[in-house]
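The values are calculated or read from the model by the stated rules, or taken from the named source; none is laboratory data. Not measured: the values here are computed from a predicted model. Note: ideal-geometry Cβ built from the backbone for every residue, glycine included; neighbour counts use all protein chains shown. With ligands, DNA and RNA removed, areas are computed over all heavy atoms of the protein, side chains included. Shrake-Rupley method; radii C 1.70, N 1.55, O 1.52, S 1.80 Å.
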Amino acid sequence: MDTDRQLYESDATGRQRGVYDDIQATLRAPVVNWIFRTLMANDPDFTRYLWGQVKPTFETRAFGRYSVAYRDEVLSAVKAEAEDEHDSDGSELPAYRRADLDLRPAEFRELRGQVATFDVVAPRLAALFEVVDRSLQDESVGSAEVDDAGATQPLPSWLDRDRGVSPTMVDAPPDELGDTVERIRTFHGLDDNLPSIYRCLAQWPPYLRTAWDDLEPTLESAAFDRACERADEETDAFVDSIPYAPRLSPDDLRSWGVDDEAVSELRELFETFNRGPIGTVLPALHMYAAMLNVEGRREMG
């Protein structure tokens, strides 16, 4: 698998275009994430199979409950730390107005819209990586007995609907962000590649520089460690309880025609995403959104 290859939405046609449209409609976000673009570029037939297997994961009311709980666990842990430090009501995170960032109105509006998209996809990617990683490791998915109508009821049509705008990104951050980018890499344990969120935020250097300066102490605190642990616990519990387990074990893939080398490459790819630096990147997406007041619901209501 060549992880440098991607099939972008603008180049997708036919059934590939249909899968991309379905991904965006199902995940309720105007973006096709890197993992799907890379898989599609390398093996479109397998990508269609994988998407058909995991799609039901995101279509239930139980998934909706999980997605808002994931966000709430992250932001609640940060707020609890602020309250402990200040012995008062505290503040979850700094909140930025346009004037604080020296951005034009159109720039600020676009920034907020793109960050809202990442806020939508964070729990969806966390669930995707856990489901596929476990399956490829031949570990259990959906093994818990849950007698709950929400496990099979449809996802409410209003949840995360029509939030955000399609993200755009820079190929390389501008030189003025050199120090900030180096600190970002160090904290998340990243190599030369930057996750999409940072290549997106690098379009607005005043925001990324200011946000990272304000966030870094919190990200390095015990509060963020708790936030990640609680988010992981929510993901584990949800994946344990899903009613429609995908057929993605190594034996399933071999019977479908995937050879052992490809199974090994897929296992390594999803293990890296599920158990590597992305574990701290995904929870942080909700913090960037909260600072711009575009975070989504934190309870189903």
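Key figures
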read-out	value
Highest average packing first - 268-276, 172-180, Cβ atoms within 10 Å	268-276, 172-180
Virtual spin-label span in nm between Asp162 and Asp179, 7 Å along Cα→Cβ	4.4 nm
Separation in nanometres of the label points that stand 7 Å from Cα toward Cβ, at Val146 and Ala237	1.0 nm
Cα gyration tensor, the stretch 199-296 - rounded (a/c under 1.5), prolate or oblate	prolate
Cα-based equivalent ellipsoid of the chain: semi-axis lengths in Å, sorted from largest, via gyration tensor	31, 23, 18
Accessible area in square angstrom per residue, the chain, 1.4 angstrom probe	46 Å²
Residue-averaged [θ]222 nm for the chain, counting only DSSP H segments that reach four residues, each worth -39500 (n - 2.57)	-20000 deg cm²/dmol
Apportionment of accessible area to carbon and sulfur, the stretch 17-80, percent (1.4 Å)	47 percent
Rounded to whole Hz, the Karplus (6.51, -1.76, 1.60) HN-Hα couplings of the stretch 229-236, x for glycine and proline	5, 5, 4, 5, 5, 4, 5, 4
Quotient of Cα Rg and 2.2 N^0.38 Å for the stretch 184-237, N being how many residues it contains	1.30
Rel. contact order, % - alpha carbon contacts under 8 angstrom, at least six apart, the chain	32 percent
Pairwise label distance in nanometres, Tyr8 with Ala25, each label 7 Å out on the Cα-Cβ vector	2.5 nm
Listed residue (Leu190, Ala289, Ala227) projecting farthest to the positive dipole end of the stretch 183-301, Cβ model	Ala289
Gain upon complete extension [Arg17, Arg109; 0.36 nm per residue less C-alpha separation]	30.3 nm
Protection proxy ranking of 197-209, 214-226, 147-159 - average other beta-carbon atoms within 10 Å, highest first	197-209, 214-226, 147-159
Gyration tensor (alpha-carbon) shape descriptor, the stretch 217-274, a/c threshold 1.5	oblate
